[in-house]
Structure formats: structure tokens, C-alpha cells
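Just below is one structure, and these are the notes that go with it.
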Amino acid sequence: MIMRIFQVVIRPGKEAEFAEFFHETAIPLMKATKGMVQVLPGAARPESPREFSFVMVWDSLDALRAFVGEDYTVAHIDPVEAALVESRTIRHYDLVEA
């Protein structure tokens with residue numbers, strides 16, 4: 001399984017608009033995506049009000065590629081999200097059983 005950590009920093013003044021997108025669009029989309037094993041969404045906190053994240057566990061690299069495209073290191077960005085996000089970070093790891 002593949003763990004994908006996706007973090008974004010929101011443009012100043014766009015926090016409420018992104019929070020609405022995050023809760024109403026992004027989380028339901030990710031939960032319904034084929035090949036998704038688990039989604040752990042992280043919303044902004046007072047000490048980091050412009051930062052949001054997803055920790056996603058995919059059942060395979062093929063499932064991840066089917067969602068984001070062959071170059072899975074590139075962010076899959078919804079057009080609504082693109083105008084709200086200042087920067088993105090994506091990392092991938094092989095999931096280890098604990």
C-alpha cells in the first residue's frame with residue numbers, strides 16, 4: 001500500500017472559502033475514490049490557520065495512478081482549489097504494518 005501525504009498552504013484571506021471546499025468537496029471525493037483504503041483529513045489549527053492536509057492510504061500505486069495520472073508525484077488539483085492554494089507539498093511512502 002502507498003501512503004500519500006498532501007499538504008497545502010492557502011492564500012491569505014481564502015481560509016474560509018478553502019475550508020468549505022475541503023469539507024464539502026475534497027473529503028467526500030477522496031472517500032469515494034476507487035482504490036482508497038483510508039483518508040485522514042487534517043484541517044487548519046489556530047497556530048497554522050492557512051494549512052490543511054490529507055494523509056491517504058491507497059491500495060496500490062496503480063490505483064493512485066488511475067486517479068492522478070501516470071506522474072503520481074504531481075498534485076491532482078480541482079479547478080476551484082487552484083485559485084485558493086498558495087503552495088502544495090506531496091510525499092509518498094510505502095505503508096508499514098504497525
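The values are calculated or read from the model by the stated rules, or taken from the named source; none is laboratory data. No experiment lies behind these values; they were computed from the predicted model shown. All Cβ positions, glycine included, derive from the backbone under ideal geometry; neighbour counts span all protein chains shown.
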*In this structure, is Val96 surrounded by fewer than 13 Cβ atoms within 10 Å (Cβ to Cβ), under 12 Å from the mean Cα position of the chain (by Cα), assigned to a loop (DSSP other than H, G, I, E, B) and of a type outside the set (D, E, K, R)?*
no
If you check Arg50 against the conditions, is it of a type in the set (Lys, Arg) and touching a strand residue (DSSP E or B) at 6+ places or on another chain (Cβ under 6 Å)?
yes
Residue set Arg65, Arg91; condition within 15 Å of the chain's Cα centre (by Cα) and either in a loop (DSSP other than H, G, I, E, B) or surrounded by fewer than 12 Cβ atoms within 10 Å (Cβ to Cβ) (or both); output residue Arg91
When Ile77 is run through (1) in contact with a helix residue (DSSP H, G or I) (Cβ under 8 Å, 6 or more places away or on another chain); (2) surrounded by 12 or more Cβ atoms within 10 Å (Cβ to Cβ); (3) without any contact (Cβ under 8 Å) to a residue 40 or more places away in the chain, the failure sits at (1)
All conditions in (1) modelled with pLDDT of 95 or more; (2) surrounded by 15 or more Cβ atoms within 10 Å (Cβ to Cβ) are true of Phe22 except (1)
